[in-house]
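A quick write-up on the structure given underneath.
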Amino acid sequence: MAEIRAEMVANVFKVTAAPGDELEEGDAVVILESMKMEIPVLLEEPGRIVSVDVFEGDVVQEGDLLAVVG
């Protein structure tokens, strides 16, 4: 299992994956928004989404858990 964590303070602009989704390397799990820039959070290797731990509109801090990939 791999945890995906926020690398900055940001708003969750869009959740693009759901538990059970099979994603490829480079697919976005969530899109964050910071300082009017959209920042996709991409998978570094293929995997199945185990959980998505944020909702659209949430504010995340650096290090907050965004999702778990198995």
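The ranking of 14, 36 from fewest to most other beta carbons within 10 Å of each one's beta carbon is 36, 14. Full extension of the chain between residue 18 and residue 1 gives 4.5 nm of extra length, using 0.36 nm per residue less the Cα-Cα distance. Among the GluC sites (Glu not before Pro) in the stretch 21-70, those placed in a DSSP loop whose Cβ has at most 13 other Cβ atoms within 10 Å are 24, 25, 44, 56, 62. Legend: P(r) of the stretch 2-69 from all alpha carbon pair distances, 10 Å bins from 0, whole percents, reading 24, 58, 18, 0.
Throughout, read-outs are computed from the coordinates displayed, never taken from laboratory work. Not measured: the values here are computed from a predicted model. Here Cβ is always computed from backbone atoms with ideal geometry, including for glycine, and neighbour counts include all displayed protein chains.
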